[in-house]
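For reference, the structure discussed in these notes is given below.
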Amino acid sequence: MKNKRLLSLHSILGLFIGIFILALSVSGALLVFHEEIDALQRPVIGPTKTPKAMLTVDSCYRIVQTAYPHASISSCSMAKNDREAFAFTIYDSSYKNGDKGLQVFLHPTTGNILQTRGGSEDMRHNFMSWLAAFHSSFHAGKTGEWLLGFFAVIFVLSLVTGIILYRKNIVATILFKKTVWKKNNLHQLIGTWALLFNLMIGVTGFWMQRYVFKKDFYKSYDWVNTIKASPNLFYNFDSAYNQIEKKYPAFTGYVIYFTQSKKGKTAIYGSNSTNAFIHSKKFADVVFLDSTGATAKTRFINEISADDRYDIINSQLHMARYGGAPIKIIYSCFGISSAILSITGFLLWRRRKRNSR
């Protein structure tokens with residue numbers, strides 16, 4: 001009787017979140033290859049016969065300022081070599097009234113604007129950003145964020161009830177016993193082999209969304225978007241970055257977030273080569289510059305509190321931002337397993353319904 005009730009609970013939980021888990025698992029399997037897929041929608045820069053010197057960030061900033069004189073320049077993804085474009089994110093009234101970011105790609109040696117595209121709302125030209133927003137909120141704002149946190153709880157409960165139901169067959173499945181390796185047991189087999197991965201995804205996903213269960217999440221804020229033209233850089237950025245390289249030789253910057261006033265700080269996100277493999281190579285560490293270009297402070301992995309470090313590791317575990325291509329392939333394959341579990345679970349439920357009739 002207990003098993004029957006537990007099976008009913010397991011089926012109800014699975015049916016309730018099945019379509020959402022299917023959507024999240026497929027989108028998640030694609031998102032681990034975010035950079036590789038997104039490269040297909042970025043400008044392609046061919047090899048040059050004679051190598052040319054790359055432009056400085058200062059020069060690129062001025063080019064964007066000239067092209068969009070009324071825009072707020074938010075950030076810049078630095079080009080690693082002369083085959084990769086500088087990617088600026090700006091907010092300008094000429095695009096979506098300045099409510100959404102516009103990406104501007106500059107040629108690394110000529111400074112020509114190669115391409116512009118929107119952000120997460122521009123599915124046609126920026127599919128991976130659109131997919132990332134879908135995966136994190138279903139494009140439904142706060143409601144979508146809350147649903148994601150709620151579904152994470154239900155997903156973990158579904159896995160726990162599955163463990164209790166099939167606990168006697170877990171060892172047999174892992175040991176390839178013939179008694180459990182049957183066509184009708186596909187749901188159980190996949191669930192067992194992908195169990196640890198799905199538990200990790202469910203728990204880390206919940207931890208990232210736990211803020212939706214806090215009181216502050218439900219507060220309303222009166223915020224009016226006003227676009228102000230970004231000022232000139234207060235200092236020579238490339239000189240300041242050279243000083244960072246001398247002071248922190250293990251640090252490599254990837255993305256710059258520009259301050260809009262002398263009171264603020266410019267943030268350079270990157271990573272130290274001395275970091276453990278678990279940490280992202282682009283967003284693990286931060287160097288902050290003041291209005292003179294001097295280093296105001298750093299936020300390196302080894303400097304932050306244990307709680308903050310856990311939060312970073314938790315998100316990097318969930319997003320496969322470590323370990324390179326092999327880890328991404330493993331995540332993608334196991335991610336699809338969640339989709340198969342949703343489908344096979346629904347087929348099992350339908351077969352039980354048919355048999356009961």
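Is it the case that PHE206 is assigned to a loop (DSSP other than H, G, I, E, B) and modelled with pLDDT of 85 or more?
no
In region 61-85, how many residues are open to solvent by less than 60 Å² (accessible area, probe 1.4 Å), free of Cβ contacts under 8 Å to residues at least 60 places away in the same chain and in a helix (DSSP H, G or I)?
Number of matching residues: 3.
Testing GLN316 on (1) open to solvent by 60 Å² or more (accessible area, probe 1.4 Å); (2) assigned to a helix (DSSP H, G or I), one condition comes back false. Which one is that?
Result: GLN316 passes all but (1).
Might you check whether a residue that is closer than 22 Å to ASN225 by Cα and of a type in the set (Gly, Ala, Ser) occurs anywhere in region 102-116?
No, every residue in region 102-116 fails to be closer than 22 Å to ASN225 by Cα and of a type in the set (Gly, Ala, Ser).
Among the residues of region 111-118, are any in contact with a Gly (Cβ under 8 Å, 6 or more places away or on another chain), in contact (Cβ under 8 Å) with a residue 24 or more places away in the chain and of a type in the set (D, E, K, R)?
No, the conditions are met nowhere in region 111-118.
Going by the conditions given, is SER332 modelled with pLDDT of 90 or more, assigned to a helix (DSSP H, G or I) and open to solvent by less than 30 Å² (accessible area, probe 1.4 Å)?
In short, yes.
In region 95-115, what count of residues is obtained for those that are part of a strand (DSSP E or B) and either buried (at least 19 other Cβ atoms within 10 Å of the Cβ) or modelled with pLDDT under 95 (or both)?
5
Have a look at LYS263, LYS247, LYS228 and point out the one that is more than 29 Å from the chain's Cα centre (by Cα), within 30 Å of SER94 (Cα to Cα) and open to solvent by 90 Å² or more (accessible area, probe 1.4 Å).
It is LYS263.
Please go through region 271-293 and give me each residue that is part of a strand (DSSP E or B) and either on the phi > 0 side of the Ramachandran plot or in contact with a helix residue (DSSP H, G or I) (Cβ under 8 Å, 6 or more places away or on another chain) (or both), ordered by number.
Result: ASN272, ASP285, VAL287, LEU289.
From the set of residues in region 21-60 that are surrounded by 14 or more Cβ atoms within 10 Å (Cβ to Cβ) and among the β-branched types (Val, Ile, Thr), which is farthest from GLY118 (Cα to Cα)?
Here the answer is ILE21.
The values are calculated or read from the model by the stated rules, or taken from the named source; none is laboratory data. It should be emphasised that the depicted structure is a prediction, and the values quoted were computed from it without experimental measurement. With ideal geometry, Cβ positions are generated from the backbone for all residues, glycine too; neighbour counts draw on all protein chains shown. Each accessible area value is taken on the protein alone, full model and side chains, heavy atoms only, with ligands, DNA and RNA left out. Shrake-Rupley method; radii C 1.70, N 1.55, O 1.52, S 1.80 Å.
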